[in-house]
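The values are calculated or read from the model by the stated rules, or taken from the named source; none is laboratory data. Note that the coordinates shown come from a computational prediction; the quantities given were computed from them, not determined experimentally. Every residue, glycine as well, gets a Cβ built from its backbone with ideal geometry; the counts of neighbours run over all protein chains shown. Ligands, DNA and RNA are excluded from the accessible area calculation, which covers all protein heavy atoms including side chains. Shrake-Rupley method; radii C 1.70, N 1.55, O 1.52, S 1.80 Å.
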Amino acid sequence: MAPNQAGDELVFFVNGKKVVEKDVDPETTLLTYLRRKLGLCGTKLGCGEGGCGACTVMISKYDPFRKKILHHTANACLFPVCALHHVAVTTVEGIGNTKSRLHPAQERIAKSHGSQCGFCTPGIVMSMYTLLRNNPEPHMEDIEDAFQGNLCRCTGYRPILEGYRTFAKDMNCCGKVANGTGCCRSGKENTMNGGCCGGKANGPGCCMNGKEDSVTMTSSSLFNSSEFQPLDPTQEPIFPPELMTQSNKQLKQMCFKGERVMWIQPTTLSELVALKSQYPNAKLVVGNTEVGIEMRLKNFLYPVIIAPAWIPEMNAVQHTETGVTIGAACTLKSVEEVMRKAVADLPPYKTEIFQAVLEQLRWFAGPQIRNVAAIGGNIMTASPISDLNPVLMASGSKLTLISKEGKRTVTMDEKFFTGYRKTIVKPEEILLSVEIPYSKKGEYFSAFKQASRREDDIAIVTCGLRVLFQDGTSRVQDIKLSYGGMAPTTVLALKTCKELTGRDWNEKLLQDACRLLSAEMDLSPSAPGGMVDFRRTLTLSFFFKFYLTVLQKLSKSGAKTVCEPVPSNYISATELFHKDPIANAQLFQEVPKGQAVEDMVGRPLVHVSAAKQASGEAVYCDDIPHHENELYLTLVTSTKAHAKILSIDASEAQSVPGFVCFVSAKDVPGSNVTGIANDETVFAEDVVTCVGHIIGAVLADTQEHSRRAAKAVKIKYEELEPIVTIQEAIEKKSFFKDIKRINKGDVKKGFEESDHILEGEMYIGGQEHFYLETHCTLAVPKGEDGEMELFVSTQNPMKTQEFAANALGVPSNRVVVRVKRMGGGFGGKETRSTILTSVVAVAAFKTGRAVRCMLDRDEDMLVSGGRHPFLGRYKVGFMKNGKVKSLEVSYYSNGGNSVDLSHGVMDRALLHLDNSYNIPNVSSVGIVCKTNLPSNTAFRGFGGPQGMMIAECWMSDVARKCGLPPEEVRKLNLYHEGDTTHFNQKLEGFTLQRCWDECLSSSGYHARKKLIEEFNKQNRWKKRGMSIIPTKFGISFTVPFLNQAGALLHVYTDGSVLLTHGGTEMGQGLHTKMIQVASRALGVPTSKIYISETSTNTVPNTSPTAASVSADINGMAVYNACQTILKRLEPIKQSNPKGSWEDWIKTAYESCVSLSATGFYRIPEVGYNFEKNEGKPFSYFSYGVACSEVEIDCLTGDHKNIRTDIVMDVGTSLNPAIDIGQIEGAFVQGIGLFTMEELRYSPEGNLYTRGPGMYKIPAFGDIPTEFNVSLLRDCPNSKAVYSSKAVGEPPLFLSASVFYAIKDAIYSARKDSGLTESFRLDSPATPERIRNACVDIFTKMCPSAEPGTFKPWCVRV
């Protein structure tokens, strides 16, 4: 029975081409194969764990069981190449390209501005393409569901949905009709306030005028869908006919042997059973969505893998007398289809359990995982937080097991799971099928799940709850309550169930059940996973929802014993989550009449790389073809937060195949000292000061080998006491010196004059950048004079060059850094990219060979640091009417183990402590804590959001204390034109009041506020809240000399222009804007201008692309270079005024006139002195206001974003599509910061959240259902190029409106529990924090353990 040794042939198709592979390593994933072997780099690596969708491809196969061709999406990063036999793979390159034609799925995402950095775009395109292959006329809901497994960090998702809505059959309507407010088909953009766009507030150009006023025409269309090519399903590539004929032939068992793993694919059940008795410890793999992650991230090794996907019995579905039997190899997608059909065909009383399965599958991972993962794998993985196991357990599903001994059937009950990830299934047994029973008359079933994010997330607590009543009564005959996430296994609440049997379903039963459950479902306060109070409360909340749901169903069924009806204000607690279709409007000012058609400034020009990004042709750092003899590098990092290194032993690594060498501090030819403040090292030498501190690196011939070798390096430590949290740093006085203060006025006097004084504090958690493309560097040594070329994904070519040259011991002129584009940056690649680049450069120097490294997501999140967590303490004095008189505030930030940019971040926080409010007396201090965490760094907003968040915290406290509406108190305290800030800068061109008034009117604030109050009166367990928040963001680097930029312009004799400037492109559309600027300045069409890359050998000494000023300073430098060329062309133009641009250039060349020019610009008069509190830190300010409405579920802590309206002042927009894209992208990133994203560390300083599995960024479903963005009209800005304004960072803080809307909703919930005083809500407002703040009878049954009496699983850093 041993597998044949001949070496089997794997046959599959990629983009219509046949591939035959003999020696395949079972550890190779489809992604690796596509990128390395076939050179198809359109499919991207984003996370390597199936959590981001960047690697999505379409898998097509002929299903012999169903006799049809099936197309589905899959994550190439998990899909084993061995599982591809007789399968056709389609990648983004296979459906269209810019050379011939784009597929409509590619064209529409590009033209609707749905691709910014473009790294996630190929995966999103493939999700859409696959949906269209299966359903050429989808509904909008199908489109939204198709993207559950795709993430994007740049766009805020709206433009993607907007562009793809054009495929929907319900497309011709904007979807607003579902929300009851004006639909787009009524001819006008209607919004809440009687259907005016709010333009009236500014006089000219209101949408209701019918005829647009000529002064400022407002447009709401960023793209014209009539230009899109139609979708023609007949033009799609055909399924390879060879694979159709193959399906009739008898399959034979296949076997592939790799270096460490053997893959066996049997074809019959008897072969499988024999193999499992021969290899009892072999893993059975269908989708590889669990084993793939264990082997890659948890370092597990399974030497034998058996793939049962071809076995007919394991794919069969049978309807029996008692239920539906599903083969263990059936995918979750097929289970869903079977259940959906059963629910449609059978009477409702029989399908209670099936409906619960469907409800759990609705939020189970993403489609890419559901399409390949098998139900048997989900059961046998035995995860304590499995979404399906509680349903199967509570319903008493039966499992059929098979082995050499024969078959046996076991019920999934409390005995099935024997321990963490262990079951009663014996090693030689195989799970053959699972039978899910029909429900009976008088039987009711519910399933609930609560996670950090609704889409594609693992559960915090999940449950299956079942009750059976005695015939025609409301007396319990049998009850089963099964929970996941409350123990190391899925558990049944046996004691509670026993007590409730025979009881009547009434209020008394509810009280007893909750009392019993809170005792039985207890958790140790240091339980793994943390969130102990939340998890305990959820078990009760879920039972309460179940109790109400059953009550409702009983009253409808007409049971004999009458139960009390569900109170009307409780009914919403039983409703399952439902999301309305998205609706939105973007309003911007049209270009003035008479602007030349080829002048693109102010028009919504599509991102210049969008089409290349959508077709997978855009080249990112890791897409650069491999060099001869290139090596791959993997970092070796510290596992201790603070320790002495005693020894490093790389001997075991040397035995890994392909190993070349180990690099560490002794290999650095130049200086090992590095970092912005020279307080870091390239490699740690004697001491490590954080988990993830780089100690060394391993070089090998492939990534797999270097990864294995790095894990084999053994390091011995002597542990030292770590400082992890801000609290510990304050106690131990561990601070970086240089403590900044800003003082203004007389604070003491201010407090004496105040009617009220409030004190409080707020904590704001950090944030991981989660750019889709991790840090990546390719170093190519040139072999002479120490020359080296570095291809890097960085925002800061200058520091990258300087630090690498320093480490190599050569002058900067020997090192060239080249940046084509980044797959996102957000500040994370401003300085921290250098820690990797210097290591790779040293390795390339040592070996003399090209060296490449792209960090895995878990390494990237571990080593690179993120946004600074902040603790703010405040004391505020104010009058009865809410006018603030005096403020004392201290900010503490967690800087990590080195200075990096922490002082700059703190400076900006202090400069924004006022947000937009005029405070006469201020005393403030900012302290950076030195801790044993990886150094925190720049992140969009750079301290500004943290500073302003604390201002809004005390502002909302002040409004509560005065008992006044918060919007009135905010408005009362706003600055006015000509006021001076606390840092003594005069506000000029202050448009915030206009933004405020326009936002109030366009959002219909006051009318909606009344509706919300009404809603909250009628609903006890669902609450709505609304908040309007302003922002003022200072534009400039706070380090004065960084406010400079250069440009280089070449005009070639054919009239084409090559432009280079100091900024890098990371998706923000900088290159697009620079082309628009040059096009207007030179008076040539944009098609004649090209930007290839940013490099240190074209524009030297560039400032990092950061602080939102890149378009301002580089735009002026480009403009300056254009003026130089135009000046030289002047005499030529005068002598030939009717000539074309090409004529003039040809003449200039022949007249020996230089056609190359540099440009330079610096921002004038910027500089501030903290000691004297004088000078001008900012060139100007960007302003904006947002109003958001949310709904929270008081029982689970879930919230949904109902609507957001933003009014933003971006001056005269250079490109409204890009600017609106930046506003939406920043806003959604802020939703992550303030409501979802939580970095979790152990008390020892070890990061738990190392990938999208545990760290949740907003997904498609998290954006506001109605999302309106309006650019303020008629507000030119004299301080920047073509009257524009900076837009990258300012809008991020506006998402605080969501946070304070949540807080508003929680107030309403607390009021119903009799609590009216103000309360503390730290950021982010996760489901855990929301639920714990909604104090009620259930939270009181789960009291917290005393802090200090236990060791928590995770700490707040």
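The figures follow:
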read-out	value
Pairwise centroid distance, computed over Cα atoms, of the stretch 1248-1298 with the stretch 871-918, Å	22 Å
Unsatisfied cross-links (Cα-Cα over 29 Å) in the set Lys18/Lys44; Lys415/Lys440; Lys17/Lys67; Lys169/Lys593	Lys169/Lys593
Segment Lys99-Asp649, length gained on full extension (0.36 nm per residue, minus Cα span)	192.8 nm
Virtual spin-label span in nm between Ser557 and Asn569, 7 Å along Cα→Cβ	2.9 nm
Contour excess over end-to-end distance, with Cα ends at Arg66 and Cys1152 and 0.36 nm allotted per residue	383.5 nm
Whole-Å semi-axes of the stretch 345-479's equivalent ellipsoid (Cα gyration tensor)	25, 21, 14
Listed peptides 911-922, 30-41 by packing density, highest first (mean Cβ within 10 Å)	911-922, 30-41
Cβ-based net charge around Thr473, under 11 Å, with every Lys or Arg adding one and every Asp or Glu removing one	0
Pair Arg475, Asn299: separation of 7 Å Cα→Cβ label points (nm)	6.0 nm
As computed over the stretch 647-754, the Cα convex hull volume per residue (Å³)	181 Å³
Computed magnitude of the charge dipole of the stretch 240-371 (debye, nearest 20; Cβ of K, R +1, Cβ of D, E -1)	400 debye
Alpha-carbon centroid distance for the pair the stretch 769-812 / the stretch 711-753, whole angstrom	32 Å
Relative contact order [Cα under 8 Å, 6+ residues apart], the stretch 838-959, whole percent	29 percent
Eligible lysines near Lys1200 by straight Cα distance, threshold 18 Å, same-chain separation 8 or greater	Lys176, Lys449, Lys579, Lys1009, Lys1022, Lys1023, Lys1256, Lys1303
For peptides 1159-1168, 103-112, 703-712, sequence by mean Cβ density within 10 Å, most packed first	103-112, 703-712, 1159-1168
Relative contact order for the chain, counting Cα pairs under 8 Å that sit 6 or more residues apart, in percent	12 percent
GluC sites (Glu not before Pro) restricted to DSSP loop in the stretch 253-349 with at most 11 other C-beta within 10 Å	Glu321
Residue order for Lys1146, Lys716 - accessible surface, 1.4 angstrom probe, largest first	Lys716, Lys1146
Estimated FRET transfer efficiency when R0 is 22 angstrom, pair Ala1345-Ala519 (beta carbons, to 0.05)	0.90
Cβ-Cβ FRET estimate between Leu269 and Asp232, R0 fixed at 35 Å, reported to 0.05	0.20
Set Lys276/Lys404; Lys350/Lys556; Lys249/Lys283 screened for pairs whose C-alpha atoms are more than 18 Å apart	Lys249/Lys283
Fraction of accessible area attributable to carbon and sulfur, the chain (%, probe 1.4 Å)	52 percent
Label-point separation, Arg873 to Tyr420 (7 Å along Cα→Cβ), nm	3.8 nm
Chain lengthening between Asn629 and Glu1171 when straightened (0.36 nm per residue, less Cα-Cα)	189.5 nm
Per-pair calculated FRET efficiency, R0 = 22 Å: Val673 and Val1039 via Cβ, rounded to 0.05	0.55
Rounded to the nearest 20 debye, dipole of the stretch 1037-1175 from Cβ charges on Lys, Arg, Asp, Glu	320 debye
Rounded Å value of the spacing that divides the Cα centres of the stretch 54-76 and the stretch 270-287	24 Å
HN-Hα J in Hz across the stretch 1246-1261 - Karplus 6.51, -1.76, 1.60, θ = phi - 60°, x for Gly and Pro	9, 7, 8, 8, 10, x, x, x, 10, 10, 10, 8, x, 10, 3, x
Mean residue ellipticity (222 nm) of the chain, computed from DSSP H runs ≥ 4 via -39,500 (n - 2.57), nearest 500	-8500 deg cm²/dmol
The chain - convex hull of alpha carbons, volume per residue in Å³	178 Å³
